[in-house]
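The values are calculated or read from the model by the stated rules, or taken from the named source; none is laboratory data. No experiment lies behind these values; they were computed from the predicted model shown. All Cβ positions, even for glycine, are placed from backbone atoms using ideal geometry, and neighbour counts span all protein chains on display.
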Amino acid sequence: MKRRQFLGYTGVSAIGLATASVTTGCTQEPPVVKFWHEGNFRPVTDEVTVTDLKVEGSIPAELSGLYVRNGSNASSGVAEHFFGGDGMVHGVRIENGQAKWYRNRYYACRCQRQHAPGRAY
């Protein structure tokens, strides 16, 4: 028996398989809360400067510099896309085995300004 005959007898055709694979998952509802709105990805709500940092463990005395991290962080708390829109820059100053300070600041994306007139930045 040839493959096409077998598929015909079983009621499965190439078109049926393709349709099933394309439509699988199409009826699922989008998640109510997007992953970048919760947990470790959720937006930070305040800009802060902290100088009394507690270090768990130890930082080598030879390590000195500024650790900077940036990422998405919608100031409104809601963003349509993980990479689009406003962001936040975080920084930690490391010197002589100590974390001297931590700061974070919002960064308002210019592209959002032209698409959202009247929004405060």
Which numbered condition Val12 fails, given (1) modelled with pLDDT under 55; (2) outside any loop (DSSP other than H, G, I, E, B): (2)
Residues being modelled with pLDDT of 80 or more and surrounded by 14 or more Cβ atoms within 10 Å (Cβ to Cβ) - total across region 69-97: 13
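Residue by residue, here is whether (1) part of a loop (DSSP other than H, G, I, E, B); (2) acidic (Asp, Glu) holds:
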| site | (1), (2) |
| --- | --- |
| Ala61 | yes, no |
| Tyr67 | no, no |
| Glu80 | yes, yes |
| Gly85 | yes, no |
| Arg93 | no, no |
| Ala99 | no, no |
| Tyr102 | no, no |
Test: Leu17 is of a type in the set (A, V, I, L, M), under 30 Å from Val92 (Cβ atoms) and either at pLDDT 80 or above or not in a loop (DSSP other than H, G, I, E, B) (or both): no
Filter pass, Pro60 being modelled with pLDDT of 60 or more and under 29 Å from the mean Cα position of the chain (by Cα): no
